[in-house]
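These notes are about the structure you will find just below.
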Amino acid sequence: MQCTACGEIPHCEQCAVSLTLHKDNILRCHYCTYHMPAPTECSSCKGTAFLKKGIGTQQVVTILEKIFPTARIARADLDTTVNKKQWTETVQRFENGDIDILIGTQTITKGYHFPKVTLVGILWADINLSIPMYNAAEVTLQQLIQVAGRAGRQSEESKVIVQTMITHPIFEYLHEQDYTQFFASEIKKRIEVGYPPVVRFAEIECKHPHLQTVEDDSYKLVQGLKLSAASNKKELIILGPSEPPVSKIKNIHARKIYIKAESIGAIIETYSTIDKRAFASSLYFTPNPLSS
């Protein structure tokens, strides 16, 4: 929800994310348990007009119920798949043909085979391209190919409809047989800017309840890594610290540091020289991180 007068968007009190409007007129955080009734008055300017933006699975269901009033429609998202027994029953009903249309998030793209499905529609197919990670295009294309594959391959009449808001080269490679062409294009970019598989890559995340502490520790860690690399003659590229897209979850602040080198061994050796006891923040080291 967004105030039409001043543009204010309600945010979670515990996480650095906006709240999502649900059908019960409750704004909920998708990272913690925080929720609140949808406001009737803007907390910033006291305006009373709100714009409801975005589209969720329940909204898609509501729209399709109007377009196809006799269709049997089910949804698969965080709310409906948390109950494993209920989700298993939904999958079985869909496979048996007792459900005509299944609306879902990425949940339904992984590990399922629905031979009777001959039409797949993908909404906001480009949304993950904005994730600030070097392999965002690769992961997005993998997901699109995966969900497109849910349209029964044994039927020549199968169709996949992809909705995008922007143009992007990956949409030229949606057929899985074109993936090698995508690789040929993408590897040139990885070579130019130095990202895997051309170099090795690692992430360090600093976390602490106090913002100033996590900022101080992350800068101190960068300096320590640079000094260690220089004294041990390790050629590393150290990026950051930077604020991640979701910089606070459940009142825990985070900062990230990225390291690039010719070998993962050089990164691990350098990180191992850091005395973790010298930091109040919790440090999380992840070699070869990927967006997902």
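The values are calculated or read from the model by the stated rules, or taken from the named source; none is laboratory data. Predicted, not measured: the structure shown is a model, and the values here were computed from it. Cβ: placed from backbone, ideal geometry, glycine included. Neighbour counts: every protein chain shown. Accessible surface areas use protein heavy atoms only, side chains included; no ligands, DNA or RNA. Shrake-Rupley method; radii C 1.70, N 1.55, O 1.52, S 1.80 Å.
Miscellaneous remarks
- Any hit, the range 134-147, residues being touching a residue at least 60 places away in the same chain (Cβ under 8 Å), under 30 Å from SER282 (Cα atoms) and not in a loop (DSSP other than H, G, I, E, B): yes
- GLU89 being part of a helix (DSSP H, G or I), at pLDDT 85 or above and over 25 Å from the mean Cα position of the chain (by Cα): yes
- Qualifying residue in the range 96-114 (condition: within 30 Å of ASN251 (Cα to Cα) and modelled with pLDDT of 90 or more): no
- Against the conditions (1) assigned to a helix (DSSP H, G or I); (2) under 28 Å from ILE191 (Cα atoms), THR213 satisfies every one except (2).
- Residue, nearest to PHE201 (Cα to Cα), within the range 219-243, restricted to residues that are open to solvent by less than 50 Å² (accessible area, probe 1.4 Å) and not in a strand (DSSP E or B): LEU236
- Residue within the range 170-177 that is aromatic (Phe, Trp, Tyr), over 30 Å from ALA278 (Cβ atoms) and in contact (Cβ under 8 Å) with a residue 12 or more places away in the chain present: yes
- Some residue of the range 172-194 being on the phi < 0 side of the Ramachandran plot, modelled with pLDDT of 90 or more and in contact with a strand residue (DSSP E or B) (Cβ under 9 Å, 6 or more places away or on another chain): no
- The set of residues from the range 201-217 being within 24 Å of the chain's Cα centre (by Cα) and either within 17 Å of ARG277 (Cβ to Cβ) or crowded, with 19+ Cβ neighbours inside 10 Å (or both) comprises PHE201, ALA202, GLU203, ILE204, GLU205, CYS206, LYS207, HIS208, VAL214.
- Of all residues making up the range 94-125, the number that are farther than 17 Å from LEU64 by Cβ, over 25 Å from the mean Cα position of the chain (by Cα) and assigned to a helix (DSSP H, G or I): 2
- Verdict on SER281 being of a type outside the set (Val, Ile, Thr), modelled with pLDDT under 95 and open to solvent by less than 70 Å² (accessible area, probe 1.4 Å): no
- The residues of the range 16-53 that are of a type in the set (Gly, Ala, Ser), open to solvent by less than 80 Å² (accessible area, probe 1.4 Å) and assigned to a loop (DSSP other than H, G, I, E, B), listed by number, are ALA16, ALA38, SER44, GLY47, ALA49.
- The range 244-261, residues that are modelled with pLDDT of 95 or more and either in a loop (DSSP other than H, G, I, E, B) or open to solvent by 70 Å² or more (accessible area, probe 1.4 Å) (or both): SER247, LYS250, ASN251
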